[in-house]
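Engineer: Take a look at this one; I'll ask things after.
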Amino acid sequence: MKTNEFNPADNIQDLQYFGEFGGVNPSISDSSTYTFLSAKTMFDTFEGNADGCYLYSRHSSPSNLYLGQALAAMEGTETANVAASGMGAITSVLLQLCGQGDEIVSSRTIYGGTYAFMKNFLPKLGITTTFADITKHSVVEAAIKPNTKVLYCESVSNPLLEIADIQALAAIAKKHNLKLVVDNTFSPLTVSPAKLGADVVIHSLTKFINGSSDTVGGVACGTQQFIDDMRNVNNGAAMLLGPTMDSLRAASILKNLRTLHIRMKQHSSNALYLAERFEQDGLKVVYPGLESHPGHELYKTMMNREYGFGGLLTLDAGNAHKANDLMELMQHRNLGYLAVSLGFYKTLFSTPGSSTSSEIPAEEQKEMGLGDGLIRFSVGLDNDINRTYHMMKKCMEEVGILKKHEAAY
Ligand SMILES: *Cc1c(COP(=O)(O)O)cnc(C)c1O
């Protein structure tokens, strides 16, 4: 992108906040309820007609609005609503958009919790989901029925790192009068889905955006109308289901968000370094920054280049046994932690087939290419990635994933 075009990190940087006493950080609102000087203003606030007035913190609070504003600036949407978790954001968005008898067409490679919600929970409310290969647009379009309301995908999918063609999907959504909802958790700053035509952009703030693995959080970014609807006291899913983030957490996430651009560049360059070398070593590695990735060229047309191809890569260790041996050894050598989640300063690795995607039945996992030896790496902020590479390579040789090289002497 050219410098005068939309840049998510610049938009965050350009916001200006002052605290109550001129502090350089906004004051934290440590209250669940708010007083009014006149009873009339309280009534107007209830009706949603008193801008800048707070009523009750499940509805909104100054700290949550500051964080929401910064995330909306990042995504280029009118506004945003923060939630207590990514799932809190996802479930309230879907329940706001769908009701009894409605249908969702979703990518089949999505976060396990989202998949379980669509597959196991929503049918209890009369909402059904058709799962499709999101990279095959004719398949997606054929899945759309008259009662379909939502087209759902992840920009970069979990855990297989497929790239969704958001512009093409937005065109399909528009043609059939659907809302395109995109979970952008894996690619903050790199992809700006709303700029490519998405109606609602969701993040789990738990991952890269907060970046310190100390809290869960979520956000839905969209139009003022949609976010107002979600917060409506009479029928808003966010207001009535109550996945409200605490003000103290909103304040701490806002502070971490300010360094996201620096962290993303480091995550991305470290991941690219490892992916290129692992591939040269003959390992089966999937990373959107590699030319061998089927979505590589598409990703280049969609991305804000300077933030790179992201921090996630997958490596196929062949079978679960070897994968487990490798992860345990890497943890033992302090190369990272055997843990789910992503976006931490340390590398995190796990086998999605038996963890974050275990909600997906075994035969479906197999069909989508999610083998039990597949390890997902969320590459950390390592200062010397070449050193990390050599230490990881040694682990791979020791567990028999790579052939041992002849000693140099
Ligand atoms: C973690 C994750 C979620 C769920 O977020 P929580 O904050 O754990 O509720 C949703 N989507 C993706 C892609 C994720 O990685």
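Engineer: Among the numbered criteria (1) surrounded by fewer than 17 Cβ atoms within 10 Å (Cβ to Cβ); (2) more than 16 Å from the ligand (Cβ to nearest atom), which one does Ser358 miss?
Structural biologist: (2)
Engineer: Also, quick follow-up: More than 30 Å from Thr347 (Cβ to Cβ), outside any loop (DSSP other than H, G, I, E, B) and in contact with a strand residue (DSSP E or B) (Cβ under 9 Å, 6 or more places away or on another chain) - does that describe any residue in the stretch 154-166?
Structural biologist: Narrowing the stretch 154-166 to residues more than 30 Å from Thr347 (Cβ to Cβ): none.
Within the stretch 154-166, not a single residue is more than 30 Å from Thr347 (Cβ to Cβ), outside any loop (DSSP other than H, G, I, E, B) and in contact with a strand residue (DSSP E or B) (Cβ under 9 Å, 6 or more places away or on another chain).
Engineer: Residue by residue through the stretch 211-261, note down the ones that are within 21 Å of Phe18 (Cα to Cα) and within 16 Å of the ligand (Cβ to nearest atom).
Structural biologist: Asp246, Arg249, Ala250, Ser252, Ile253, Asn256, Leu257, Leu260
Engineer: Hey, could you check the stretch 324-355 for residues that are within 23 Å of Thr185 (Cα to Cα) and hydrophobic (A, V, I, L, M, F, W, C) and say which is surrounded by the most Cβ atoms within 10 Å (Cβ to Cβ)?
Structural biologist: Keep residues of the stretch 324-355 that are within 23 Å of Thr185 (Cα to Cα), which gives 336-355.
Going one step further and asking which of them are hydrophobic (A, V, I, L, M, F, W, C), we end up with 338-340, 342, 344, 348-349.
Working: Leu338: 17, Ala339: 17, Val340: 15, Leu342: 29, Phe344: 24, Leu348: 23, Phe349: 24.
Filtering first and then ranking leaves Leu342.
Engineer: Then there's this: Restricting to the stretch 166-191, and then to whatever is within 15 Å of the ligand (Cβ to nearest atom) and farther than 22 Å from Asp10 by Cβ, can you tell me which residue is nearest to the chain's Cα centre (by Cα)?
Structural biologist: Checking each candidate, the answer is Asp183.
Engineer: Now, a different point. Tell me yes or no: at least one residue of the stretch 30-39 is of a type outside the set (A, V, I, L, M), assigned to a helix (DSSP H, G or I) and on the phi < 0 side of the Ramachandran plot.
Structural biologist: Within the stretch 30-39, none of the residues are of a type outside the set (A, V, I, L, M), assigned to a helix (DSSP H, G or I) and on the phi < 0 side of the Ramachandran plot.
Engineer: Under 6 Å between Cβ atoms, at least 6 apart or on separate chains: pull out the pairs that start in the stretch 146-159 with a residue that is within 15 Å of the ligand (Cβ to nearest atom) and end on any residue that is among the basic types (Lys, Arg).
Structural biologist: Matching pairs, first to second residue: Pro159/Arg376.
Engineer: List, please: which pairs have Cβ atoms under 6 Å, are six or more places apart or on different chains, and start with a residue in the stretch 34-45 that is free of Cβ contacts under 8 Å to residues at least 40 places away in the same chain and end with one that is polar (S, T, N, Q)?
Structural biologist: If the second residue must be polar (S, T, N, Q), no pairs are left.
Engineer: Of everything in the stretch 87-142 that's of a type in the set (Val, Ile, Thr), under 22 Å from Gly242 (Cα atoms) and in a helix (DSSP H, G or I), which residue is farthest from the ligand (Cβ to nearest atom)?
Structural biologist: My answer is Val93.
Taken together, the values in this text are just the output of simple stated rules run on the coordinates, not laboratory data. This structure is a prediction, so every number in the text was calculated from the model and none was measured. Don't worry about glycine lacking a Cβ; one is built from the backbone with ideal geometry, like all the others, and counts go over all protein chains shown.
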